[in-house]
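To keep things clear, I will list the structure first and then write my remarks on it.
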Amino acid sequence: MDKKPLARLSPFQSIILLFAAVILAGGVLLSLPISSQSRQFTPFNEALFTATSAVCVTGLVVRDTASHWSAFGQGVILALIQIGGLGVVTVAASFALVSGRRISLMQRGTMQEAMAAPQVGGVVRLTGFILRSVFAVEAVGAACLAPVFVRDFGLRGLWMALFHSISAFCNAGFDLLGSPGAEYVSLTGYRTDPVVNLVIMFLIVLGGLGFLTWDDVRAHRLHLRRYRMQSKVILVTTGLLLALPAAWFYFFEFAGAAPAERVWLSLFQSVTPRTAGFNTADLAALSGLAQAVTIVLMLIGGSPGSTAGGMKTTTLAVLIANAVAVFHRRDEGHYFGRRIAAKAACDAAAILLIYLTLFFGGGFIISSVEGLPLSACLFETASAVGTVGLTLGITPQLGGVSQAVLILLMFIGRVGGLTLIWAALAGSSKVNSRLPLDRITIG
């Protein structure tokens, strides 16, 4: 009998199983009476939905976090958010580092895949840097938010500051601002508060940049030419995806708001779809075009190796570079004087196809089952597969089948569609031979 079946798992299979195990454990804990304020069992499907949303750092909920869950339940949710934001593999590796255990080559390979690191070498050092930086940033964020929340909620504001700092940095979108009769309010009460807006937006963007970009900033400071091409692409793409939508929202969406409020609403609405899930505006009141722009931003998401989900900024950048190369009749795209590998373009096209299939397929299923408008259902599925957490308010009313669809989308969105496919095909043998080449007309 083989005593080490786990040793035969591929890195992709290990990542999926670890995520699933943490979600299941979280669902069990949240279903217990101690986790709810009423001290009654929470239906397991609702507890599992919440645990999936927390581990997948999404933020979609079927129960208001502040009014339904007890202090213990909120603590479980925060722990799941932290584990999901860092990645279960990174958290597991951190325990090994603290205990002084040696990390095997197979474990290093799993860590490399989980963090989207370019190579196995240096992945342990990178893990240590990530842990120190994450806890420092979250602590600073909590310290900045504390004066505002203590002013409004007393000593409980300290817990709220920590909770919202971790939730924002991990791009989770869970909040503790709801109350009986006023659930699911998110940050709408702080829509013009400069401290809350700036701190939350800063944490969201910083968490979504990716740990490899952090490493470049740490190593090279302001010497941008020394950065990896990927880091340069991420910084430029992120900047454009923040500035252009903010300008669009300012000029075309919030015209009825006061000038200062209009600026804050526009900035926040361009940041939060990057898989964060907080909102300061009534999303259901946005125009159809504004909701469509938000859907696009949710599907794009953050950057690889970050706390954010979505297709990733690099996927968009590679698709654009590949399109430009086709227009100019070149074989490969390029950025900053470096060619982009043909495999990256193939992977980007596959990821786009996967996300569009999940996005439309999930929306069609929920619309058919619930009898709801397709546009509203597509907003929810984009939020789920992009691990965002923004909602038009229909998620708490969905039935079991629709909740199961969103759970699946959140899970796939967090672990990655390609990761699931590679895990499923891990046992297939690689074929080195090449079939005869033939031509096919495109376009």
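The values are calculated or read from the model by the stated rules, or taken from the named source; none is laboratory data. None of these values were measured; they are calculated from a predicted model. For neighbour counting, all protein chains shown are included, and Cβ atoms are generated from backbone atoms with ideal geometry for every residue, glycine included. Ligands, DNA and RNA are stripped out before the accessible areas are found, and what is left, the full protein with its side chains, is counted by its heavy atoms. Shrake-Rupley method; radii C 1.70, N 1.55, O 1.52, S 1.80 Å.
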Worksheet item: By how many nm would the segment from residue 285 to residue 17 grow when fully extended, if each residue of separation counts as 0.36 nm and the alpha-carbon distance is taken off?
Response: 92.5 nm
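Tell me the chymotrypsin sites (Phe, Trp or Tyr not before Pro) within region 191-237 that lie in a loop according to DSSP and have at most 15 other beta-carbon atoms within 10 Å.
Here no chymotrypsin sites (Phe, Trp or Tyr not before Pro) fit, given the DSSP loop and packing criteria.
Counting only protein heavy atoms and using a 1.4 Å probe, what share of the accessible area of the chain belongs to carbon plus sulfur, as a whole percent?
Here carbon and sulfur together make up 66 percent of the probe-accessible area.
Explain nothing, just the number: relative contact order of region 123-212, from Cα pairs under 8 Å at least 6 residues apart, as a whole percent.
That works out to 28 percent.
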Discussion item. Using the Cα centre of region 215-314 as origin and beta-carbon charges of +1 (Lys, Arg) and -1 (Asp, Glu), tell me which of 307, 236, 268 is placed farthest towards the positive end of the dipole.
Written reply: 236
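Give the accessible surface of region 322-418 per residue, rounded to a whole number of Å², with probe radius 1.4 Å and ligands, DNA and RNA excluded.
Values: 4530 Å² over 97 residues.
Heavy-atom accessible area per residue stands at 47 Å².
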Response to the item:
Amide H proximity to residue 277 below 5 Å, modelled H, separation 5+ or other chain, gives 390
Worksheet item: Of the residues 286, 242, 177, which exhibits the maximal mean-square fluctuation in a Gaussian network model of the chain defined by a 10 Å Cα contact cut-off?
Response: 286
Response to the item:
The value for region 142-289 (convex hull of the alpha-carbon atoms, volume per residue, Å³) is 129 Å³
Worksheet item: For the chain, modelled as a GNM with alpha-carbon contacts under 10 angstrom, which of 90, 315, 357 fluctuates the most?
Response: 357
Worksheet item: Helix by helix, which DSSP H runs in the chain go 24 Å or more along their axis at the Cα atoms and have an average Kyte-Doolittle hydropathy of 1.6 or more?
Response: 11-31
Item to complete: Rounded to whole Å and sorted largest first, list the principal axis extents of the Cα atoms in region 129-176.
Response: 34, 18, 11
Practice prompt. Could you tell me which trypsin sites (Lys or Arg not before Pro) in region 190-281 are loop residues by DSSP with no more than 14 other beta carbons within 10 angstrom of their beta carbon?
Written response: 221
Worksheet item: Roughly how many Å² is the accessible area per residue of region 226-294, as a whole number, for a 1.4 Å probe?
Response: 41 Å²
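Compute the FRET efficiency between residue 40 and residue 179 as 1/(1 + (r/R0)^6), taking r as their Cβ-Cβ distance and R0 = 22 Å, and round to the nearest 0.05.
0.70
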Worksheet entry | Cα-centred dipole magnitude for region 160-297, charges only on beta-carbon of K, R (+1) and D, E (-1), debye, nearest 20 | 780 debye
Worksheet item: Over the chain, what is the relative contact order in whole percent, taking alpha-carbon pairs under 8 Å and six or more residues apart?
Response: 17 percent
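Viscosity 0.890 mPa s, temperature 25 °C: what is the translational diffusion coefficient of region 266-341 from Stokes-Einstein with a Kirkwood Rh over Cα pairs, rounded to a whole number of µm²/s? If you can, show how the numbers build up before the last one.
Numbers: Rh = 14.1 Å.
Estimated diffusion coefficient is 174 µm²/s.
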Discussion item. Using a 1.4 angstrom probe on the protein heavy atoms only, could you order 175, 331 from most to least accessible area?
Written reply: 331, 175
Worksheet item: Under Stokes-Einstein, with the Kirkwood radius over Cα pairs standing in for Rh, what whole-number D in µm²/s applies to the chain at 25 °C and 0.890 mPa s?
Response: 109 µm²/s
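Which loop trypsin sites (Lys or Arg not before Pro) in region 313-407, with loop taken from DSSP, have no more than 10 other Cβ atoms within 10 angstrom of their Cβ?
Answer in residue order: 329.
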Discussion item. Under the rule of at least 5 residues apart or a separate chain, name every residue whose amide H is placed under 5 Å from the amide H of residue 335.
Written reply: 340
Discussion item. For residue 306, what residues show an amide H to amide H distance below 5 Å, using hydrogens built from the backbone and excluding near sequence neighbours?
Written reply: 211
